[in-house]
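What follows is a set of notes on a single structure, which appears directly below.
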Amino acid sequence: MTALISMRILGVDPGLQTAGFGVIDVHGMQLDYVASGTIRTDVRQSLPQRLKVLYEGVREVVARYQPDTSAVEIVFVNNNPQATLMLGQARGACVTALVSADMTVHEYTALQLKKAVAGHGRAAKEEVQQMVMRLLRLPGVPGKDAADALGLAITHAHVGAAMERLRAAGEKSGAVVGGNTEAALAGHYRGGRSR
């Protein structure tokens, strides 16, 4: 029998005006809240200055909480191409900050987050907030951006545990299990949707 895996996960919900972050500790099946909050940019600043704020903010969170891994929301195109482009740049600044701090970055869609946290893909923001509060035993409802970031961390906690069980089963049976298993499971968990 393998020992329980303990890890600290940082979830990041990218946004140009407000990026949410959430940090949880995972001990086996137990999820414990560590911290959450937002990184805010000033709309009066230029785009490069705002991206710098996001980059430095994420780096500060990593330095302060020392996570083992991270989870970031995947951005899809919406009806407003300009808004999508801006959000993509904000996401790029957040991902770059994580990678430059030698963090592994796992990516999940909003649908995956909702399924992992609320049990279905049509959950409203308020339902995600309520479920995050319950799952982490918080005294109050977290803000929407922080709740989404915590939800991403919870999503990875569930998927990461499944990947670890697959690795352990492969090792027990003598099968060669490595990075391909993680990639295969991630592809399966994405529901066949390609980037």
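The values are calculated or read from the model by the stated rules, or taken from the named source; none is laboratory data. Source: prediction; values computed, not measured. All Cβ positions, glycine included, derive from the backbone under ideal geometry; neighbour counts span all protein chains shown.
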**Study point:** Restricting the range 82-101 to residues that are more than 16 Å from the chain's Cα centre (by Cα) and without any contact (Cβ under 8 Å) to a residue 40 or more places away in the chain, the residue that is farthest from LEU10 (Cα to Cα)
**Key:** GLN82
Check your understanding: For LYS125, which of the numbered conditions (1) crowded, with 16+ Cβ neighbours inside 10 Å; (2) touching a Lys or Arg at 6+ places or on another chain (Cβ under 7 Å) fails to hold?
Key -> (1)
Practice item. Give the residue that is surrounded by the fewest Cβ atoms within 10 Å (Cβ to Cβ), with candidates limited to residues of the range 58-70 that are within 16 Å of the chain's Cα centre (by Cα) and not charged (D, E, K, R). Key: GLN66
Check your understanding: Of VAL34, VAL43, which residue is out of contact with any Pro (no Cβ under 8 Å at 6 or more places or on another chain), among the β-branched types (Val, Ile, Thr), in contact (Cβ under 8 Å) with a residue 24 or more places away in the chain and not in a loop (DSSP other than H, G, I, E, B)?
Key -> VAL34
Revision key, fill the gap. Taking the range 71-104 and the residues there that are more than 22 Å from PRO48 (Cβ to Cβ) and at pLDDT 90 or above, the one that is surrounded by the most Cβ atoms within 10 Å (Cβ to Cβ) would be ALA71
